[in-house]
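The values are calculated or read from the model by the stated rules, or taken from the named source; none is laboratory data. If you're wondering where the values come from, they're calculated on a predicted model, not measured in any experiment. Here the Cβ positions follow ideal geometry from the backbone for every residue, glycine too, while neighbour counts run over all protein chains shown.
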Ligand code: GDP
């Protein structure tokens with residue numbers, strides 16, 4: 001056991017959750033607590049990540065010794081500094097995640113929200129175990145804050161009523177989570193942490209519960225995923241989190257190393273926009289050991305060798321095209337370069353592709369976000385023609401406009417954190433294409449789906465309006481304005497709707513011309529509905545006193561195809577008076593054409 005523990009690396013921890021539920025505050029609190037508790041020489045800061053050594057975790061969890069007996073053998077916890085989905089999706093590796101364990105933050109007063117559900121889905125799909133931090137307990141009415149105290153101790157100092165409130169919120173949360181197939185419980189009551197997800201009540205603001213949260217995360221990592229943490233002293237494996245300019249050095253990449261070792265002058269392979277990049281490490285940078293974590297972000301120093309797990313910045317030639325979310329391998333021998341190139345290529349090809357199908361065009365800033373969007377679209381059955389990283393190009397737009405000609409709903413462009421190149425933008429305008437752009441994945445997809453729904457509704461509405469609608473009118477006695485050429489009479493709409501252009505018939509089915517214009521108070525109007533009294537002019541050889549008479553009932557003369565559509569496709573859009581009128585019309589029409597009878601039976 002002892003020899004094994006020596007080879008364990010620290011688990012990589014990510015924080016996820018709905019916006020404003022307190023991810024950033026919680027991370028700050030954890031790092032802040034660590035800074036306070038650490039002693040000189042204990043390195044806590046990495047690039048893009050914060051290392052919390054085991055000695056610090058032991059100090060923070062010291063008051064819990066009696067409550068949670070914990071003998072830790074992992075060397076610490078490596079927290080990824082940026083919370084949220086986008087970063088998490090870039091922590092990708094074949095068949096899973098570089099993150100070993102996650103903290104899902106849920107505001108206990110708000111409960112499960114859309115991004116909570118999204119986080120659960122993404123954690124499940126990548127098989128990452130997680131702990132729930134039920135945050136903002138200090139907002140519970142009556143809560144007496146006990147800064148930086150374990151929750152178990154702070155609870156003893158609360159009123160009975162406050163404890164009851166917390167309990168009832170916890171049960172509400174547990175019930176909500178069960179709707180998403182998550183079996184969760186208060187951490188103290190759990191025996192098997194693999195079957196039940198622990199919930200730790202915390203306040204990121206006051207620091208209450210942070211001790212328990214760290215203890216549960218460390219304990220779970222050590223107990224259940226230590227095989228994954230067995231550290232191999234072989235060639236390093238990592239993932240590129242960010243590509244950025246490093247003043248004085250050119251382009252650099254921020255990397256999370258999750259296995260093995262990387263050294264200066266190592267040959268590394270990673271994905272580039274135009275194929276795999278093979279290059280040699282010029283320098284590895286890490287923050288200087290300082291006490292203030294905010295300073296550590298800017299002051300870096302070179303290190304010769306780093307072993308997993310670590311967050312590092314790598315400076316090397318030819319990194320301009322490097323893609324965030326890409327796997328990174330240290331090549332053990334020059335002869336294996338081709339093998340590793342293929343490995344990178346294969347991993348990237350499942351995410352970046354062009355297919356000859358009618359589907360949407362997706363461009364994203366990183367492989368991870370691209371992959372998350374692909375998954376979200378696929379889950380909804382939306383096909384994809386182009387999935388790629390980088391700005392929108394003219395070629396992408398040409399492809400989208402090809403699709404648009406075949407299927408307007410799929411001939412669209414989805415952009416995540418990338419912009420169109422100028423010539424692409426011009427072409428988008430010229431081709432009148434729809435572009436959706438949002439920096440939150442679920443919003444991007446929602447916006448697109450909403451648009452599709454609205455367009456389909458509009459299209460349906462347009463088709464509905466193009467049909468002859470059911471209408472029944474009565475010629476009002478005493479309101480004959482003109483007898484013929486054209487006849488103009490006052491009518492009352494008894495049911496349904498009348499519009500200019502619709503043919504009319506009498507109650508015996510005899511056609512008597514078409515409505516030319518409808519007027520109300522001397523103004524032409526587009527339609528008249530049940531209860532309205534209007535004047536209509538009738539086109540065709542219609543003479544009042546001969547073809548029609550005062551007091552006559554007239555109906556709109558609905559063609560067979562229109563009648564079929566009204567009953568099969570648009571019934572839900574018809575008002576009750578329209579349906580009643582339609583029944584009367586179908587009955588009249590069925591004297592001459594029995595097919596109308598068949599439609600009537602289905603109404
Ligand atoms: P994020 O979007 O999930 O990263 O949320 P933030 O960490 O930015 O927090 C959102 C807001 O909630 C901020 O105003 C925080 O100060 C506040 N907040 C976060 N945690 C707590 C907490 O435990 N208690 C209280 N009262 N407020 C909190």
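Looking only at residues in region 549-560 that are in contact with a strand residue (DSSP E or B) (Cβ under 6 Å, 6 or more places away or on another chain) and buried (at least 20 other Cβ atoms within 10 Å of the Cβ), the one that is farthest from residue 477 (Cα to Cα) is 557. Set side by side, the residues 165, 205, 191 differ, and just one is at pLDDT below 95 and assigned by TED's automatic domain parsing to the domain that holds residue 134, which is 191. Here residue 408 passes the criteria (1) in a helix (DSSP H, G or I); (2) in contact with a helix residue (DSSP H, G or I) (Cβ under 9 Å, 6 or more places away or on another chain) except the one numbered (1). Pick from region 244-287 the residues that are free of Cβ contacts under 8 Å to residues at least 60 places away in the same chain and not in a strand (DSSP E or B): which of them is surrounded by the most Cβ atoms within 10 Å (Cβ to Cβ)? Ranking the qualifying residues of region 244-287, first place goes to 281.
Each residue in region 510-538 was checked for being buried (at least 17 other Cβ atoms within 10 Å of the Cβ) and on the phi > 0 side of the Ramachandran plot, and 1 pass. Going by the structure shown, is residue 123 closer than 23 Å to residue 324 by Cα and touching a residue at least 40 places away in the same chain (Cβ under 8 Å)? Yes; evaluated as a whole, the condition is true for this residue.
Is it fair to say residue 207 is within 16 Å of the ligand (Cβ to nearest atom) and either under 20 Å from residue 148 (Cβ atoms) or part of a loop (DSSP other than H, G, I, E, B) (or both)? I'd like the intermediate steps shown before the answer.
Working: within 16 Å of the ligand (Cβ to nearest atom): yes; either under 20 Å from residue 148 (Cβ atoms) or part of a loop (DSSP other than H, G, I, E, B) (or both): yes.
Judged against the criteria, residue 207 is a match.
Of the residues screened, residue 215 is not one that is in the same structural domain as residue 112 (by TED's automatic domain parsing) and within 16 Å of the ligand (Cβ to nearest atom).
Screening 563, 572 for residues that are loosely packed, with under 14 Cβ neighbours inside 10 Å, under 45 Å from the mean Cα position of the chain (by Cα) and part of a helix (DSSP H, G or I) leaves exactly one candidate, 572. Looking across region 353-383 at every residue that is surrounded by fewer than 21 Cβ atoms within 10 Å (Cβ to Cβ) and closer than 25 Å to residue 278 by Cβ, the one that is nearest to the chain's Cα centre (by Cα) is identified as 371.
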